[in-house]
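*Asks:* What follows is a single structure, and I will ask about it in a moment.
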Amino acid sequence: MSSQQTTLDLSNFWMPFTANRQFKAAPRLFKAAKGMYYTTVDDRAVLDATAGLWCVNAGHGRAEITQAVSQQLETMDYAPTFQMGHPLAFEAATKVAEFMPAGRDRIFFTNSGSESVDTALKMALAYHRARGEGQRTRFIGRERGYHGVGFGGISVGGIVPNRKMFSGNLMPHVDHLPHTHNLAESAFTRGQPTSGAHLADELERLVALHDASTIAAVSVEPLAGSTGVLVPPKGYLERLRELCTKHGILLIFDEVITAFGRLGAPTASEYFKVVPDIITMAKAINNAAIPMGAVAASRAVHDTVVNAGAENAIEFFHGYTYTAHPAAAAAAVATLDIYKRDRLFERANELSASFEDAAHELRTSPHVKDIRNLGLVAGIELESRPGAIGARAYEVFLKCFEAGVLVRYTGDILAFSPPLIVDEQQIDQIFSTVRDALRDVA
Ligand SMILES: Cc1ncc(COP(=O)(O)O)c(C=O)c1O
């Protein structure tokens, strides 16, 4: 630990999703970031194999974004968007819409993925009410889904620890599809598993149980990240889309990690060629330079809600003080320009084959029970130690950090999602570091 670390008071910051006592006993602190690398407070370079938290897709410290933000703060620090506006809010919405599937171009800005999820759920309720089907109040999520930490998101989500502490107050009228994780049939699949599309048919069972007339929306991540990289089986999303359409249920894709290039396409929707009614996003929307999220709604959803009331009435009773904050909007415009100019999604697409190969080379390493991947995402699932889920992956994570590579882990699954500027040599460094770490842990 550096002298800077030892003099720092760590007691006041209650850290999120962190083992606070463990962390504060042996903290890991970054002080700078540029390109593919963080610098720790003791001046070590750490290769970022996670794009921060799946969010810094254009790489760290992009001068264009910094300049856009600083210029905007000097020109106008803040302007409300309730009954007022500023041009950059509209410009940012137009730019975001260009990255969305056709017709999913009505953009509502938030400040995070969790807020985007809550916004999308509210849009679904508002839409059905405006159509005279206000009894459609039920949501269908999926086991192992992660939709952030708002009450809406944890209710629709399916990650047990995120739910159980708050279980008495989850939203009512929520049911869940089964998850698609099936190692018996799909372990070590490259890309999309070939079996599992039938799991979407479970929606028919839920419709039979609750009746379609009570269901507002189905919400899924097209590729689930936070639960440990679950790639959708071939045909699964297509089937969900068909069933939602058949029953008048809105389909929400939570693209908080997949939007803006993670799969080598602007959205997972475009990658899988399945178009939902509503898309949630955040993170890479502005390279995580300033907190920002967004929801892209279909014109049908938007127009139904907006045209329902009187001309002078507020149509959607929802919004945030910082919706389309000028600095966040400036960062979004600059970021989206970088994605286009540097052709970063094409780059991600081109690199995905060597990324896949490098990940799957760890198949014979100790403790590995599955490797899965798509685009620039990979997951390596380890055998858990009896009675100590997550302990082995934590040790691998620590060893990698000490060896200069930042990876993520959930339970005993290691996850990789580097910035889209990663190169072949860095891909090799990521997976060879993990290989060494796997060899060294018990
Ligand atoms: C799919 C998905 N939805 C929602 C969220 C929540 O986003 P935030 O942490 O910005 O609230 C995340 C965060 O990782 C996510 O992966």
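Just so it is clear, none of the values below were taken in a lab; they were calculated from the coordinates. Predicted, not measured: the structure shown is a model, and the values here were computed from it. Cβ: placed from backbone, ideal geometry, glycine included. Neighbour counts: every protein chain shown.
*Asks:* Please indicate, with yes or no, whether at least one residue in the stretch 305-326 is crowded, with 19+ Cβ neighbours inside 10 Å, of a type outside the set (Phe, Trp, Tyr) and under 18 Å from Ile252 (Cα atoms).
*Replies:* The answer is yes, given that some residue of the stretch 305-326 is crowded, with 19+ Cβ neighbours inside 10 Å, of a type outside the set (Phe, Trp, Tyr) and under 18 Å from Ile252 (Cα atoms).
*Asks:* Identify, by number, the condition in (1) surrounded by 24 or more Cβ atoms within 10 Å (Cβ to Cβ); (2) of a type in the set (A, V, I, L, M, F, W, C); (3) within 16 Å of the chain's Cα centre (by Cα) that Ala265 doesn't meet.
*Replies:* (1)
*Asks:* Here's a follow-up. Check every one of the strands (runs of 3 or more DSSP E) wholly within the stretch 23-104 and list those with 1 or more residues that are out of contact with any Phe, Trp or Tyr (no Cβ under 9 Å at 6 or more places or on another chain) and more than 22 Å from Ala415 (Cβ to Cβ).
*Replies:* Counting at least 1 such residues, we get 30-34.
*Asks:* Determine the pairs where a residue that is under 20 Å from Ile65 (Cα atoms), located within the stretch 338-352, has a partner that is of a type in the set (Asp, Glu) with Cβ atoms under 7 Å apart, the partner being 6 or more residues away or on another chain.
*Replies:* Listed by first residue and then by second, the contacts come to Ile338/Glu64.
*Asks:* While we're looking at this one, here's another question. Please go through the stretch 229-239 and pick out each residue that is in contact (Cβ under 8 Å) with a residue 40 or more places away in the chain and more than 16 Å from the ligand (Cβ to nearest atom).
*Replies:* Pro233, Lys234, Tyr236, Glu238, Arg239
*Asks:* Somewhere in the stretch 7-27, is a residue among the charged types (D, E, K, R), in contact (Cβ under 8 Å) with a residue 40 or more places away in the chain and out of contact with any Leu (no Cβ under 6 Å at 6 or more places or on another chain)?
*Replies:* Scanning the stretch 7-27, I find no residue that is among the charged types (D, E, K, R), in contact (Cβ under 8 Å) with a residue 40 or more places away in the chain and out of contact with any Leu (no Cβ under 6 Å at 6 or more places or on another chain), so the answer is no.
*Asks:* Next question, about the same structure. Condition first: over 12 Å from Thr214 (Cα atoms), in contact with a Gly (Cβ under 9 Å, 6 or more places away or on another chain) and either crowded, with 22+ Cβ neighbours inside 10 Å or among the hydroxyl-bearing types (Ser, Thr, Tyr) (or both). Now tell me which residues in the stretch 126-143 satisfy that.
*Replies:* Selection gives Gly141, Arg142.
*Asks:* Mind checking which residues of the stretch 272-283 are under 17 Å from Tyr146 (Cα atoms) and either without any contact (Cβ under 8 Å) to a residue 12 or more places away in the chain or part of a helix (DSSP H, G or I) (or both)?
*Replies:* Result: Lys283, single match.
*Asks:* Sticking with this structure for a sec: All but one of (1) within 15 Å of the ligand (Cβ to nearest atom); (2) crowded, with 24+ Cβ neighbours inside 10 Å hold for Ala288; which doesn't?
*Replies:* (2)
*Asks:* Still on this structure, I have one more. Pairs under 6 Å by beta carbon, first residue free of Cβ contacts under 8 Å to residues at least 40 places away in the same chain in the stretch 204-223, partner aliphatic (A, V, I, L, M) and surrounded by 14 or more Cβ atoms within 10 Å (Cβ to Cβ), six or more apart or different chains?
*Replies:* Filtered contacts from the stretch 204-223: no entries.
*Asks:* Next up: Would you say Thr335 is out of contact with any Cys (no Cβ under 7 Å at 6 or more places or on another chain) and over 19 Å from Ala126 (Cα atoms)?
*Replies:* Here the answer is yes, as Thr335 does meet what is asked.
*Asks:* Within the stretch 91-111, track down each residue that is more than 16 Å from the ligand (Cβ to nearest atom) and in contact with a Pro (Cβ under 7 Å, 6 or more places away or on another chain).
*Replies:* Once the filter is applied, which keeps residues that are more than 16 Å from the ligand (Cβ to nearest atom) and in contact with a Pro (Cβ under 7 Å, 6 or more places away or on another chain), the stretch 91-111 yields only Phe99.
*Asks:* To continue, here is another question. Do you know which residues across the stretch 193-228 are more than 16 Å from the ligand (Cβ to nearest atom), on the phi > 0 side of the Ramachandran plot and in contact with an Asp or Glu (Cβ under 9 Å, 6 or more places away or on another chain)?
*Replies:* Across the stretch 193-228, the qualifying residue is only Gly196.
*Asks:* If you take the residues in the stretch 127-157 that are in a loop (DSSP other than H, G, I, E, B) and of a type in the set (Ser, Thr, Tyr), which one is farthest from the ligand (Cβ to nearest atom)?
*Replies:* Going through the qualifying residues, I end up with Thr137.
*Asks:* Right, next: Looking for something touching a residue at least 60 places away in the same chain (Cβ under 8 Å) and either buried (at least 19 other Cβ atoms within 10 Å of the Cβ) or within 16 Å of the ligand (Cβ to nearest atom) (or both) - is there at least one such residue anywhere in the stretch 73-80?
*Replies:* no
*Asks:* Counting only residues that are in contact (Cβ under 8 Å) with a residue 60 or more places away in the chain and within 16 Å of the ligand (Cβ to nearest atom), which one in the stretch 242-257 is surrounded by the most Cβ atoms within 10 Å (Cβ to Cβ)?
*Replies:* Of everything passing the filter in the stretch 242-257, Asp254 is surrounded by the most Cβ atoms within 10 Å (Cβ to Cβ).
*Asks:* Among the candidates Leu420, Leu414, which residue alone is touching a Leu at 6+ places or on another chain (Cβ under 8 Å), in a strand (DSSP E or B) and buried (at least 23 other Cβ atoms within 10 Å of the Cβ)?
*Replies:* Step by step, each of Leu420, Leu414 is checked, and only Leu414 is touching a Leu at 6+ places or on another chain (Cβ under 8 Å), in a strand (DSSP E or B) and buried (at least 23 other Cβ atoms within 10 Å of the Cβ).
*Asks:* Looking only at residues that are part of a helix (DSSP H, G or I) and among the small types (Gly, Ala, Ser) in the stretch 112-126, which one is farthest from the ligand (Cβ to nearest atom)?
*Replies:* Residue satisfying both the conditions and the ranking: Ala126.
*Asks:* Then there is this: Would you mention how many residues in the stretch 291-305 are away from the ligand (no atom under 15 Å from the Cβ) and under 26 Å from Ala197 (Cβ atoms)?
*Replies:* Result for the stretch 291-305: 1.
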